[in-house]
Amino acid sequence: MVEITEIPVEGYQCVKRAIDPVSGLHAFISVHSTVLGPALGGMRLWPYASEDEALTDVLRLSRGMTYKAACAGLNLGGGKSVIIGDPSMKSDAFFEAMGEFVESFGGNYITAEDVNTKVEDMGIVARRSSHVVGMAGKSGNPSPKTAWGTFLGLKATLEDVYGSDSVAGKTVAIEGAGSVGSIYADFIAKEGGKIIVADIFAESAERVAKATDGIVVGPDEIRSVECDIYAPCALGGSLNDETIPQLKCKAIVGAANNQLLEDRHGDMLRDLGIRYAPDYVVNAAGLINVFDEMMPGGYNEDRAMAAMEKIRTNMAAIFAISNEEGISTAEAADRFAERRVQAHLDQQANA
């Protein structure tokens, strides 16, 4: 029997912890908001050092999903689940217990694959919950779509910074050669961009470098290399007091969630003249893709791909807000999202 406990957190709709002694499951699910619709967010499996670290991560991630959905124009709220552990713990019982946990939210939380979980794992979760998207036979693995959306965000940023969206001749330093970063690198290389790549797994970085005719540097070097674009595509918090002064780039466009360790780091980047493409805006294509499963008639890839084009127009709007209001692009993206949520609340109040 999965032991589920609610944890009160100010500003969040519902946060719960689940422990299953039989399967070894130890997880958190956070629903930040359902103002625009049910909260959708992936299921992350990670060897967190403590419960506090896992809880902090799930809160940050779920809030980010609220803003991501709002900016993307989706009728979704923000949620996320994190599991303390590593892939060696996976079993049918493990993910079935997680399915019970997801189901306990009664549809207010919808899950999908994320770091260290796969489409096949979601199929097991779905044995115990009907609130799962991104399974085989439907929209599938969202990583290629996330990479494509990030590439669209890169195009918008290049247009803003250089006056042209051409990638040709631009050097992009990619931190993280995983399922999204590797595909993102491929898109860039195919349009004539130059790749510098780093990953904590050297073989992954070498594989991407070989495929893109790029070069490999160490994980500690990637943030200080000379480049046009720095692209964080690993875990969050890579933009902080220590790393920002090292940057030698004109802009930042990456797929990782929660790239800014603190909100004030968006202001630091603005003060340095580095154009930051807010992560939850440019990495929204995976969410757009799985959301299409919920549309009448089910998943339609052409429709989902067309909806991803909003990422370019949204980035242009956010850059404009930043310029007009004299604020960082991070704050501009927050305002862009918050205005949509408020407009929805106002519409409900006047109905």
Qualifying residues in segment 323-351 (those that are outside any helix (DSSP H, G or I) and modelled with pLDDT of 95 or more) - the one nearest to the chain's Cα centre (by Cα): SER328
Any residue at all in segment 226-248 that is touching a Phe, Trp or Tyr at 6+ places or on another chain (Cβ under 7 Å), aliphatic (A, V, I, L, M) and over 20 Å from LEU152 (Cβ atoms)? yes
Could you please give the count of residues in segment 295-317 that are crowded, with 16+ Cβ neighbours inside 10 Å and not small (Gly, Ala, Ser)? 8
Quick one: would you say SER62 is touching a residue at least 12 places away in the same chain (Cβ under 8 Å), surrounded by 20 or more Cβ atoms within 10 Å (Cβ to Cβ), under 19 Å from the mean Cα position of the chain (by Cα) and not in a helix (DSSP H, G or I)? no
Quick one: in segment 143-179, of everything that is outside any helix (DSSP H, G or I) and at pLDDT below 95, which residue is nearest to LEU287 (Cα to Cα)? SER179
Quick one: in segment 255-296, which of the residues that are of a type in the set (Gly, Ala, Ser) and farther than 17 Å from LYS310 by Cα is modelled with the lowest pLDDT? ALA256
Of (1) in contact (Cβ under 8 Å) with a residue 12 or more places away in the chain; (2) not in a strand (DSSP E or B), GLU206 satisfies every one except (1)
Given the residues ALA126, ALA112, which is the only one that is among the aliphatic types (A, V, I, L, M) and either under 29 Å from ILE188 (Cβ atoms) or at pLDDT below 95 (or both)? ALA112
Quick check on my filter: what residues within segment 47-59 are of a type outside the set (Asp, Glu), crowded, with 18+ Cβ neighbours inside 10 Å and part of a helix (DSSP H, G or I)? ALA54, LEU55, VAL58, LEU59
Kindly list the number of the only condition in (1) surrounded by fewer than 19 Cβ atoms within 10 Å (Cβ to Cβ); (2) within 21 Å of the chain's Cα centre (by Cα); (3) among the aliphatic types (A, V, I, L, M); (4) assigned by TED's automatic domain parsing to the domain that holds LEU239 that fails for VAL253. (1)
Find the residue count for segment 282-309, including only residues that are closer than 19 Å to ALA256 by Cα and either out of contact with any Cys (no Cβ under 8 Å at 6 or more places or on another chain) or free of Cβ contacts under 8 Å to residues at least 60 places away in the same chain (or both). 9
Please work out which residue is nearest to GLN259 (Cα to Cα), limiting yourself to segment 180-198 and to residues that are assigned to a helix (DSSP H, G or I) and not hydrophobic (A, V, I, L, M, F, W, C). GLY181
Any residue at all in segment 116-139 that is part of a strand (DSSP E or B), hydrophobic (A, V, I, L, M, F, W, C) and under 18 Å from the mean Cα position of the chain (by Cα)? yes
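The values are calculated or read from the model by the stated rules, or taken from the named source; none is laboratory data. Because the structure is predicted, anything quoted here is derived from the model rather than measured. Cβ sites come from the backbone with ideal geometry, for glycine too, and all protein chains shown count toward neighbours.
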